[in-house]
Amino acid sequence: MRIATWNVNSIRSRVDRVEAWLQRSDVDVLAIQETKAKEEQFPFDRFRDLGYEVAHHGINQWNGVAILSRVGLEDVAIGFDGDPGFGDPVAPEARSIGATCGGVRVWSLYVPNGRTLDDPHMAYKLEWLARLRDRAVEWAADGTPVALCGDWNVAPQDEDVWSMEYFADKTHVSPPERAAFHAFLDAGFTDVVRPHAPGPGTYTYWDYQQLAFPKRRGMRIDFVLGSASFAERVSGAAIDREERKGKGASDHAPVIVGLDGDDGAAVDKPVEGSPAR
């Protein structure tokens, strides 16, 4: 089984690219973030025509998460217990959706950005991650394979950004954010992609501005964190940097993980000729 995660930065703008990528990459499950679509705006039929069941959670033109699966889509959960929410009045945002796909509990997660180090959104981000960590431990407690897939908006290691000097006073690399990320690792989850796509210089996101992509000025902020029973099944993983190229690309690249029993070695290059860096 092949599982992927991808922040598409508007599904309506990129549905053609996502559809073509699914056909090329042959993934069984795709966790999508930042759909930027209400339920009635999501292109359900386009993906159903490709053989995928679809679950989507979108409230407005911001955020939005989805899971596409051709190996089953059961026990769909919109959000997680304890989601702190944001705004005035405080309300949960469309940042998490879970489903059981082929025996794996898959979560598509769009972690809050934080905006600036002293912004209320940063406090929200840290609380959101803390609450998610508590729930994730519960989900994995009985040995269920759990995959936490998504845009984490955290670069947990110095090598995960193109310049630590540039990011010194910015979000994504601050000690509290990194501590919140590492709390998942301390709780028994594993970054299952890094061993197969090591850094430095290996990124998943490049800003649209200032020629960041051709200059290789990126960040590694998209991850699949697996519970112990999930991680032991991982046979390969890769970042499809090629999908960041060309007209109409998202500013994020897809991240793919292969599980044993389904030619996981083929995931070393998710699309023919697509290097990880």
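The values are calculated or read from the model by the stated rules, or taken from the named source; none is laboratory data. Since the structure is predicted, the reported quantities are computational estimates derived from the model, not experimental observations. A quick note on method: Cβ atoms are made from the backbone with ideal geometry, for glycine too, and the neighbour counts reach across all protein chains shown. The protein model used for the area step is the full one, side chains on, heavy atoms only, and it has no ligands, DNA or RNA in it. Shrake-Rupley method; radii C 1.70, N 1.55, O 1.52, S 1.80 Å.
Would you confirm, using the coordinates I've provided, whether GLU93 is more than 20 Å from ASN7 (Cβ to Cβ) and either acidic (Asp, Glu) or open to solvent by less than 10 Å² (accessible area, probe 1.4 Å) (or both)?
no
Within segment 189-235, track down each residue that is in contact (Cβ under 8 Å) with a residue 24 or more places away in the chain, over 18 Å from the mean Cα position of the chain (by Cα) and closer than 17 Å to GLY143 by Cα.
Residues satisfying the conditions are ALA228, SER229, ARG233.
Filter segment 184-194 down to the residues that are buried (at least 18 other Cβ atoms within 10 Å of the Cβ) and either in a helix (DSSP H, G or I) or among the aliphatic types (A, V, I, L, M) (or both) and list them by number.
Across segment 184-194, the qualifying residues are PHE184, VAL192, VAL193.
Name the residue, out of ARG95, ARG70, ARG17, ARG24, that is modelled with pLDDT of 95 or more and more than 27 Å from ARG233 (Cβ to Cβ).
On inspection, the qualifying residue turns out to be ARG17.
So, in segment 117-151, of the ones that are part of a loop (DSSP other than H, G, I, E, B) and small (Gly, Ala, Ser), which residue ends up surrounded by the fewest Cβ atoms within 10 Å (Cβ to Cβ)?
GLY143
If ALA66 satisfies every condition in (1) of a type in the set (Gly, Ala, Ser); (2) free of Cβ contacts under 8 Å to residues at least 12 places away in the same chain; (3) in contact with a Phe, Trp or Tyr (Cβ under 9 Å, 6 or more places away or on another chain) but one, which is the exception?
(2)
Hey, among PHE213, PHE181, PHE223, which residue is in a strand (DSSP E or B), out of contact with any His (no Cβ under 7 Å at 6 or more places or on another chain) and modelled with pLDDT of 95 or more?
PHE223
Within segment 173-188, how many residues are within 15 Å of THR116 (Cβ to Cβ) and either without any contact (Cβ under 8 Å) to a residue 12 or more places away in the chain or among the hydrophobic types (A, V, I, L, M, F, W, C) (or both)?
So the count comes out to 1.
Among (1) out of contact with any strand residue (DSSP E or B) (no Cβ under 6 Å at 6 or more places or on another chain); (2) touching a residue at least 24 places away in the same chain (Cβ under 8 Å); (3) closer than 25 Å to THR204 by Cβ, where does ASP81 come up short?
(3)
Filter segment 43-90 down to the residues that are aromatic (Phe, Trp, Tyr) and closer than 29 Å to GLU127 by Cα, then identify the one that is surrounded by the fewest Cβ atoms within 10 Å (Cβ to Cβ).
This residue is TRP62.
May I ask you to list the residues in segment 163-173 that are more than 20 Å from the chain's Cα centre (by Cα) and either in a loop (DSSP other than H, G, I, E, B) or crowded, with 17+ Cβ neighbours inside 10 Å (or both)?
Those that are more than 20 Å from the chain's Cα centre (by Cα) and either in a loop (DSSP other than H, G, I, E, B) or crowded, with 17+ Cβ neighbours inside 10 Å (or both): SER163, PHE167, ALA168, ASP169, LYS170.
From the list ALA212, ALA179, pick out the single residue that is under 27 Å from GLY98 (Cβ atoms) and either out of contact with any Asp or Glu (no Cβ under 8 Å at 6 or more places or on another chain) or open to solvent by less than 20 Å² (accessible area, probe 1.4 Å) (or both).
Among ALA212, ALA179, only ALA179 is under 27 Å from GLY98 (Cβ atoms) and either out of contact with any Asp or Glu (no Cβ under 8 Å at 6 or more places or on another chain) or open to solvent by less than 20 Å² (accessible area, probe 1.4 Å) (or both).
Given (1) open to solvent by 30 Å² or more (accessible area, probe 1.4 Å); (2) at pLDDT 95 or above; (3) more than 25 Å from ALA77 (Cβ to Cβ), where does ALA155 come up short, assuming only one miss?
Every listed condition holds for ALA155 apart from (1).
Just to be sure, is ALA4 at pLDDT 95 or above, aliphatic (A, V, I, L, M), out of contact with any Lys or Arg (no Cβ under 8 Å at 6 or more places or on another chain) and under 19 Å from ALA147 (Cβ atoms)?
Yes.
Taking into account only those residues within segment 97-116 that are among the β-branched types (Val, Ile, Thr) and more than 20 Å from ILE221 (Cα to Cα), which is surrounded by the fewest Cβ atoms within 10 Å (Cβ to Cβ)? Give the steps one after another, and end with the answer.
So in segment 97-116, the residues among the β-branched types (Val, Ile, Thr) come out as 97, 100, 104, 106, 111, 116.
Applying the additional criterion that residues be more than 20 Å from ILE221 (Cα to Cα) yields 100, 104.
On the way: THR100: 19, VAL104: 24.
Only one residue tops the list, namely THR100.
For ALA197, work out the one condition from (1) assigned to a loop (DSSP other than H, G, I, E, B); (2) within 29 Å of CYS101 (Cβ to Cβ); (3) open to solvent by 20 Å² or more (accessible area, probe 1.4 Å) it doesn't fulfil.
Among (1) assigned to a loop (DSSP other than H, G, I, E, B); (2) within 29 Å of CYS101 (Cβ to Cβ); (3) open to solvent by 20 Å² or more (accessible area, probe 1.4 Å), ALA197 violates only (3).
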